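In what follows, a single structure is set out as structure tokens and then discussed.
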Amino acid sequence: MSEYLLFISKLYKIKTTNLEKIISITGLNDYKNHKIEKLSKVYKQRVGLAVAIIHDPKLLILDKPITGLDQIK
């Protein structure tokens with residue numbers, strides 16, 4: 001999963017210094033080395049959220065952003 005985030009950051013030429021912070025914010029710390037296809041729907045959504053915030057947008061508009069998500073600790 002973290003390889004995917006690294007790939008996305010390189011694809012869009014984004015500095016990778018915030019990857020650990022983004023992984024932590026989205027509650028994916030325990031899943032850094034998991035393949036996305038092996039993650040549950042909830043954690044796949046968290047990966048999608050991490051991709052959405054990886055470039056530090058000023059405004060982020062999400063359609064039903066918390067459907068199926070557990071509380072992020």
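The values are calculated or read from the model by the stated rules, or taken from the named source; none is laboratory data. Just so it is clear, the model here is predicted, and its values are computed rather than measured. As a convention, Cβ positions derive from the backbone with ideal geometry for all residues, glycine included, and neighbour counts pool all protein chains shown.
Things worth noting here:
- Scanning region 25-66 for residues that are part of a helix (DSSP H, G or I), closer than 23 Å to Lys15 by Cα and among the aliphatic types (A, V, I, L, M) gives Ile25, Ile36, Val47, Leu49, Ala50, Val51, Ala52, Ile53.
- For Ile14: the one exception among (1) surrounded by 15 or more Cβ atoms within 10 Å (Cβ to Cβ); (2) at negative phi; (3) modelled with pLDDT of 90 or more: (3)
- Evaluation of Leu59 against (1) at pLDDT 90 or above; (2) closer than 17 Å to Ser2 by Cβ (one fails), failing number: (2)
- Only a single criterion out of (1) assigned to a helix (DSSP H, G or I); (2) within 10 Å of Ile54 (Cβ to Cβ); (3) hydrophobic (A, V, I, L, M, F, W, C) is not satisfied by Phe7, namely (2).
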